[in-house]
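Any read-out appearing in this document is the output of simple, stated calculations on the displayed coordinates, not a laboratory observation. Please read these numbers as outputs of a predicted model, since none were measured by experiment. Using ideal geometry, Cβ is built from the backbone for each residue, glycine included, and neighbour counts are taken over all protein chains shown.
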Amino acid sequence: MIIRKLFKFENAHVVRGCSTIRCRSSLHGHSYKVELLFSSNFLDNGQMVYDFGLMKQNMKALIDSFDHSIAIWSGDDKEYIEDMKKHSDRWALIPVSPSAEQFSRLIFVLIDKLLSLTATQNGEKDVKLHSVIVHETETGYAQAFREDAYSLNMGLIDLDKIIFSDEIQNGWHDSKLFENLKKGEKFINPKSV
């Protein structure tokens with residue numbers, strides 16, 4: 001069975017090297033919709049694959065990191081990077097260009113890692129992240145599967161190369177959320193949310 005949870009965020013970026021002049025040369029924004037699809041052949045004690053309420057915690061916090069922020073590719077011009085950091089409190093420096101394709105891969109890696117480190121409390125079993133869909137516009141989206149997220153051909157997504165601004169980190173209920181994720185610390189789902 002597959003279940004889906006939808007999240008939304010507003011984000012600005014520049015996608016260098018793309019075909020569209022406006023997209024590659026001007027800072028612009030999108031109203032993103034992110035779909036997380038999970039699969040399992042089992043149901044928990046509540047007859048669910050995974051309680052949607054649990055997704056409103058750390059998963060939501062990671063996706064919200066991109067809300068009202070600027071996604072900056074670490075391979076961009078150094079002066080541009082520093083200017084974006086200087087003029088925005090909320091920014092995320094990422095090791096891949098912030099295209100819909102790379103956003104879907106990046107979010108897959110983040111959520112997959114979080115899910116693998118999360119101890120469940122309600123009989124959830126063999127829950128896997130099936131795919132991540134990132135809608136950049138009403139008519140266009142990218143969908144990443146496990147083989148895409150970890151594809152060297154598409155560029156390695158190393159969590160150690162992702163930097164969230166202090167303003168983003170301060171907005172998390174646990175300011176060490178991302179550091180703990182990178183270190184492989186265990187997360188525990190509450191029995192009741």
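Take each peptide in 23-30, 7-14, 177-184, 63-70, count the other Cβ atoms within 10 Å of every residue, and average; sorted highest first, the result is 63-70, 7-14, 177-184, 23-30.
Within the same chain, aspartates and glutamates fewer than 8 places from LYS191 are excluded, and of the rest, those with a Cα less than 17 Å from its Cα are ASP44, ASP51, GLU124.
For HIS87, the shell of other residues with beta-carbons less than 14 Å away shows a net charge of -2, using +1 for Lys and Arg and -1 for Asp and Glu. Whole Å is fine, so just give me how far the alpha carbon centre of the stretch 2-36 lies from that of the stretch 92-140. Between the Cα centres of the stretch 2-36 and the stretch 92-140 lies a distance of 15 Å. Per-residue Karplus couplings for the stretch 140-156, computed as 6.51 cos²θ - 1.76 cosθ + 1.60 with θ equal to phi - 60°, are listed in order as x, 8, 10, 10, 10, 10, 3, 5, 6, 4, 10, 6, 5, 5, 9, x, 5 Hz, Gly and Pro entered as x. Note on SER31, SER104: ascending count of other Cβ atoms within 10 Å places them as SER31, SER104, the fewest first.
Exposure proxy shown here: for ILE133, ILE2, ILE94, the number of other Cβ atoms within 10 Å sets the order, fewest to most, as ILE2, ILE133, ILE94. Any of LYS125/LYS182; LYS8/LYS78; LYS113/LYS182; LYS113/LYS183 with alpha carbons more than 19 Å apart? Name them for me. The answer is LYS125/LYS182; LYS8/LYS78. Counting only alpha carbon atoms, the long axis of helix 100-117 and the longest principal axis of the chain meet at about 40°. Each Cα pair under 8 Å and six or more residues apart adds its sequence gap; the mean of these over the residue count of the stretch 2-188 is a relative contact order of 25 percent. The fraction of all Cα pairs in the stretch 54-165 landing in successive 5 Å bins from 0 to the largest distance is 2, 11, 20, 23, 20, 13, 7, 3, 1, 0, 0, given as whole percents.
Would you mind estimating how fast the chain diffuses translationally, via Stokes-Einstein at 37 °C and 0.692 mPa s with the Kirkwood radius over Cα pairs, in µm²/s?
Result for D is 190 µm²/s.
The C-alpha atoms of the chain define a longest principal axis, and helix 78-87 lies at about 70 degrees to it. For the stretch 68-124, the square roots of the Cα gyration tensor eigenvalues, ordered a ≥ b ≥ c, give a/c of at least 1.5 with a/b greater than b/c, which places it in the prolate category. Here's how it looks for ASN11: its modeled amide H is under 5 Å from those of HIS30, TYR32, HIS68, which are all 5 or more places away or on a different chain.
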